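Student: Structure incoming, see below.
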Amino acid sequence: MQERTVTLAQLLQLLPDARCDAPADPVTPAARHVTSDSRTVQPGSLFVAVSGGRTDGHRFLPAAAAAGAAILVGTAAPERLRTNGLWVADIPYVQVADSRRALAIAAAALYGFPSSRLPVIGVTGTDGKTTTCTLLEAILAAVGADAQHPAGRVGLVTTVGARILGRESETGLHVTTPDAPDVQHFLADMLAAGCQYAVIESTSHGLAQARVAAVAFDVAAVTNITHEHLDFHGSRDAYVDAKALLFRSLYASPAKPGVPRCAILNADDAGSYGRLLAVLNEEAAVHDYRVPVRSYGIPGHSGVQLDVAARDIAYSPARTRFMLHWWGGAFPIETTLLGEFNVYNVLCAATAALALDVAPAFVQQGVSALEGVIGRMQRIDAGQDFLAIVDFAHTHVSLANALRTLRPLVDGSADTPGRLISVFGSAGLRDRTKRRLMGRVSGELADFTVITAEDPRTEDLAEICRAIEIGVREFAGSERYTIIPDRAAAIQYAVNLARAGDIVAAFGKGHERSMCFGETEHPWSDQEAMYTALTQRAAR
């Protein structure tokens, strides 16, 4: 197979604002690897210096050159690099306005712009992104399943991992969209594997940092937009604007022959519907054409006319059923996913599939087949006589949704109602205002709250716990909560406290496989911690 490369000439053509100071070399340099991490530079790499956070990537230009980089890219002017002793005289340096976007475009060029050759669905939002993407994967897998491809012909990239034709790949320890070169690499692998569809979970960080900037989207969907990540974005408006980048990318992506295009909005989400509709109108005016917009929701929750609606919803401890009404008729849906918020996730995924002309039978089949998503209302069973749950809820809205979903399972489980025991913390160096809000939610909706660690990073864990405690105490007295900083001990305490018919739910870590103390990621799994606690209780 011919080696993939991206040449300096290609790069300059793709980045019209670029300025290049290249050595006198009659042969156009070509790179066979693209990275922004100087530690991964190899001979023939294109190294992009990215500034942000605690590190200025321009500091590593000499190191990248020494490791064999063929092309260097950054935002700093050559004069500044010379002044600071960072100029490399014998390697082409390309100055750009936005190095993150340049990184994405260079990576896409290296792999031959794979997203231009298959339908791509992007999903953003505060809550429900991973579940919605996984639902879409199940639906689209049903479309392409055959003897040769039993797992379907679909590729998926989420914050949990990547999956191509059912084969798993890790994307990292924490929750965000992978870096642009990884996204493009996954897309190229999907294309090579014969995928018919690609589903990309697009976080606000991933969008703001241009990790999906060079992805050609055909369908863009939003779950909801609530209070989250203000530590990174600075304001709610900036956070919403970051989510809106997915819809702007939809307009910027060229249409593909035979592939429908659609923007999908949650009509019942006041935090996103109006603003995103305005963005779509802005883009339509700029580009002088419109992308079809489809809205989904539950009748009576807003005054917006719905293109896709859930009616006659019936909840049970094991299943959720409803009739899905869409622009082509109606059909029944049955899912093992619980709660109203999962009805919205199903609606979002179904709307995206129907917009791509997927038959309702495949929507039914895919939704019914999905038994669950790791770290999302995941049941941990060690033979105990109460329910143990691990869930990723890490905002006050998602925590409220989760607790309201679990509440009927204890209230209606027996003549004597069980108790709902909540275990959670709040991340350090992240949005501080949500700590009290999450405490209020648990104090009001849970019967007992155990406040504990969740990635305190370099912050004082005791201070984080006290901020949560302030919220809990607005609804619960001291007899209804405790603070146990050690997360394993906190889960063990909650499990030991449980009686038959209770629910113990650990929130905030979900699928994550590490916990950060200081600047170090330590191995961690809520699933393992919960199972260990259950077995130790049984052994007493």
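The values are calculated or read from the model by the stated rules, or taken from the named source; none is laboratory data. Note that the structure is predicted; figures quoted are calculated from it, not measured. Quick reminder, even Gly has a Cβ in these numbers, built from the backbone with ideal geometry, and neighbours come from all protein chains shown. SASA here: full protein model, heavy atoms, side chains in, ligands and nucleic acids out. Shrake-Rupley method; radii C 1.70, N 1.55, O 1.52, S 1.80 Å.
Student: Restricting to DSSP H runs of at least four residues, report the calculated mean residue ellipticity at 222 nm for the chain, -39500 (n - 2.57) per run over all residues, nearest 500 deg cm²/dmol.
Tutor: -11000 deg cm²/dmol
Student: State the percentage of accessible surface on the chain attributable to carbon and sulfur atoms; use a 1.4 Å probe and exclude ligands, DNA and RNA.
Tutor: 51 percent
Student: Given the Cα-Cα distance of Glu79 and Thr336 and 0.36 nm per residue of separation, how much length would full extension add, in nm?
Tutor: Contour length minus Cα-Cα distance gives 86.4 nm.
Student: Calculate the dipole size of the chain relative to its Cα centre from +1 charges on Lys and Arg beta carbons and -1 charges on Asp and Glu beta carbons; express the result in debye to the nearest 20.
Tutor: Approximately 160 debye in magnitude.
Student: Arg32 versus Arg54, label points 7 Å from Cα toward the beta carbon: distance in nm?
Tutor: Computed distance between label sites Arg32 and Arg54 equals 3.6 nm.
Student: Sticking with this structure for a sec: Note down, for region 252-363, the three equivalent ellipsoid semi-axes (square root of 5 times each alpha carbon gyration tensor eigenvalue), biggest first, whole angstrom.
Tutor: 27, 17, 11
Student: Something else about it: What FRET efficiency comes out for Ala97 versus Asp486 if R0 is 51 angstrom and r is the Cβ-Cβ distance? Round to the nearest 0.05.
Tutor: Efficiency computed from Cβ-Cβ geometry: 0.60.
Student: At 1.306 mPa s and 10 °C, plugging the Kirkwood radius over alpha-carbon pairs of region 261-302 into Stokes-Einstein gives what diffusion coefficient in µm²/s?
Tutor: Approximately 146 µm²/s, per Stokes-Einstein.
Student: May I ask you to list the residues of region 73-96 whose amide nitrogen lies under 15 Å from a point 7 Å from Cα along the Cα→beta-carbon direction of Ala66?
Tutor: 85-89
Student: Considering only DSSP beta bridges with both partners in the chain, what is the antiparallel share in %, to the nearest 5?
Tutor: Beta bridges within the chain, antiparallel portion: roughly 40 percent.
Student: Calculate the spin-label point distance for Ala361 paired with Gln13, positioning each point 7 Å from the Cα along the beta-carbon direction, and give it in nanometres.
Tutor: Result: 4.6 nm between the two label points.
Student: What's the whole-number percent of alpha carbon pairs in region 103-145 lying beyond 11 angstrom?
Tutor: 73 percent
Student: Roughly how large, in nm² to one decimal, is the mean projection of the convex hull of the alpha-carbon atoms in region 8-127?
Tutor: Its Cα hull, projected and averaged over all orientations, spans 9.2 nm².
Student: Would you please put 420-426, 256-262, 401-407 in order of how densely packed they are, using the mean number of other Cβ atoms within 10 angstrom per residue and starting with the highest?
Tutor: 420-426, 401-407, 256-262
Student: Counting heavy atoms of the protein chains only and a 1.4 Å probe, report the per residue accessible area for the chain as a whole number of Å².
Tutor: I get 40 Å² per residue for the chain.
Student: Also, I was wondering about something else. Restricting attention to the alpha-carbon atoms of the chain, what are Rg (one decimal) and Dmax (integer), both in Å?
Tutor: 24.5, 85
Student: A further question on this structure: Does region 443-540 classify as rounded, prolate or oblate by the C-alpha gyration tensor (a ≥ b ≥ c root eigenvalues; a/c under 1.5 gives rounded; else a/b over b/c gives prolate, otherwise oblate)?
Tutor: The shape class here is oblate.
Student: Could you calculate the contour length gain from Ala238 to Glu479, that is, 0.36 nm times the residue separation minus the distance between their Cα atoms, to one decimal place in nm?
Tutor: Computed gain between Ala238 and Glu479 is 82.7 nm.
Student: What ranking, highest mean first, results for peptides 80-92, 117-129 when packing means the other Cβ atoms within 10 Å averaged over each residue?
Tutor: The packing order, highest mean first, is 117-129, 80-92.
Student: How far apart, in nm, are the 7 Å Cα→Cβ label points at Arg4 and Glu528?
Tutor: Taking the two extended label points, one gets 3.2 nm.
Student: Still on this structure, please answer the following. Suppose R0 equals 30 Å. What FRET efficiency, 1/(1 + (r/R0)^6) with r the Cβ-Cβ distance, do Asp90 and Arg457 give to the nearest 0.05?
Tutor: Efficiency for this residue pair is about 0.15.
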